[in-house]
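Some notes on the structure that comes next.
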Amino acid sequence: MAISFEGQVAVVTGAGAGLGRAYALDLAKRGAKVVVNDLGGDPHGQGENRAAAQKVVDEIKEAGGEAVANFDSVADYDGGFNIVKTAIDNYGRLDVVICNAGILRDVAFHNMSEDDWDKVFAVHIKGSFTVLRAAWPVFRQQSYGRVVLTTSSSGIYGQFGQANYGAAKTAMLGLMNVLKQEGAKYNVMVNTVGPVAGTRLTQTVMPQEMVDRLKPEYVVPAVTYMVAKECTDSGLIIEAGAGNFNRAAIVKGPGLQPGLDDIKDAEWVQANWDKITSLEGAEPMWRTGQTLREHLAEKQAQG
Ligand SMILES: NC(=O)c1ccc[n+]([C@@H]2O[C@H](COP(=O)([O-])OP(=O)(O)OC[C@H]3O[C@@H](n4cnc5c(N)ncnc54)[C@H](O)[C@@H]3O)[C@@H](O)[C@H]2O)c1
């Protein structure tokens with residue numbers, strides 16, 4: 001059956017361009033009323049321009065959908081609340097939040113300024129906090145919510161020159177890992193996309209031919225599914241784009257448990273390094289002390 005967002009309201013941050021725009025268009029096409037948030041700055045986080053968000057709202061309306069623009073910065077605490085207020089004031093509810101707004105300040109670590117670090121963290125990680133902090137009471141009250149955060153291969157695996165961006169993008173995984181637990185009881189599912197697409201952000205690192213080929217639309221299906229009521233998984237990292245869909249995960253290896261009887265020394269660690277570092281039989285975790293496998297079995301037993 002077709003996935004529908006009829007009667008639902010979605011917030012997409014940074015939806016004035018690139019991936020966010022593509023998510024907003026697909027959700028609106030599927031019946032969602034969409035808050036198109038975008039500050040409209042440049043890829044490095046300078047300036048503001050209302051035209052970006054308004055243009056996407058116009059596009060959605062021309063196609064017969066419903067949308068409203070919001071021009072707040074996600075990096076601003078009150079801005080986050082105002083984005084959620086825009087949804088409630090205009091449409092009376094909120095079901096979906098896609099934290100997508102992003103900037104880049106690439107520079108080798110030895111040249112990275114405090115401002116390069118702070119600005120990137122402000123938009124990506126604080127910018128996800130502000131909007132979700134505002135949305136959370138709404139989700140809890142209605143016992144429903146779907147969230148997609150945005151990470152990057154730069155954070156999951158590492159990319160030269162992106163210490164600020166990679167660290168901020170990995171922080172998204174920490175946020176997801178906690179919110180998936182805090183939201184579980186309230187039917188709030190929190191997942192993370194690791195996209196790859198040709199946009200103005202990647203224009204600086206990809207040849208133009210690749211930018212043209214790797215359309216944001218190749219990422220959209222994964223995100224649309226993860227914010228649909230049909231998706232009842234939480235805490236997953238899904239990489240999507242360029243004709244690929246896969247799951248990435250943080251896993252825990254079996255290691256060695258020598259017990260507390262005698263304290264081991266560094267030579268013992270050295271001698272057992274292969275076993276300690278082995279990922280054979282490694283598993284993803286649901287929370288500290290419980291594997292995802294154990295959690296799912298517990299859920300199934302509870303009916
Ligand atoms: N394109 C890729 O291959 C790729 C790869 C990994 C991760 N990402 C992530 O995907 C997301 C979307 O990136 P994109 O490639 O579409 O880039 P983009 O520059 O086309 O879109 C990002 C949008 O976020 C908006 N924005 C920036 N700061 C904002 C703020 N403070 N408040 C509100 N809006 C703000 C920008 O104005 C812009 O319209 C980002 O989080 C990015 O880090 C992209």
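Every read-out reported here was derived from the displayed coordinates using simple, explicitly stated rules and does not represent laboratory data. Predicted model only: the values in this text are computed from it and were never measured. All Cβ positions, glycine included, derive from the backbone under ideal geometry; neighbour counts span all protein chains shown.
Taking 0.36 nm per residue of sequence separation and removing the Cα-Cα distance, the I276/V251 pair yields an extension gain of 7.6 nm. For the stretch 9-248, the equivalent ellipsoid derived from the alpha-carbon gyration tensor has semi-axes of 25, 20, 18 Å in decreasing order.
In the chain, a dipole from Cβ-located charges (positive for Lys and Arg, negative for Asp and Glu) runs towards its positive end, and of L39, T204, V120 it is L39 whose Cα lies farthest in that direction. In this Cβ point-charge picture (+1 for Lys and Arg, -1 for Asp and Glu), the chain has a dipole of about 800 debye about its Cα centre. Farthest towards the positive end of the charge dipole of the chain, among the residues N187, W268, I83, is the Cα of N187, using unit charges on the Cβ of Lys, Arg, Asp and Glu. Rounding to the nearest 10 and keeping the result within 0 to 90°, find how far the Cα-based axis of helix 18-29 lies from the longest principal axis of the chain. Once rounded, one gets 70 degrees.
Setting aside same-chain residues fewer than 8 positions from K126, which aspartates and glutamates have a Cα under 17 Å from its Cα? Output for K126: D38, D72, D76, D78, E114, D115, D116, D118.
Using alpha carbon centroids, what distance separates the stretch 27-96 and the stretch 240-301, in Å? First find each Cα centre; the distance between them is then 40 Å. A dipole drawn for the stretch 122-257 from +1 and -1 charges on Cβ atoms has a positive end, and of P216, F160, S234 the residue lying farthest that way is S234. For D42 and A167, the difference between the fully extended length at 0.36 nm per residue and the C-alpha to C-alpha distance is 42.9 nm. Taking only Cα atoms, what is the 0 to 90° angle, nearest 10, from helix 51-62's long axis to the longest principal axis of the chain? With rounding to tens, the tilt is 70 degrees.
Using R0 = 41 Å, the C-beta based FRET efficiency linking A108 and E66 works out to 0.35.
Can you tell me the orientation of helix 77-91 relative to the chain, as the angle in degrees between its alpha-carbon axis and the longest Cα principal axis, to the nearest 10? Helix 77-91 sits at roughly 50 degrees to that axis. For the chain, the antiparallel share of DSSP beta bridges with both residues in that region comes to about 25%.
Residues of the stretch 105-146 with an amide N closer than 16 Å to a point placed 7 Å from the Cα of R50 along the Cα-to-Cβ direction: none.
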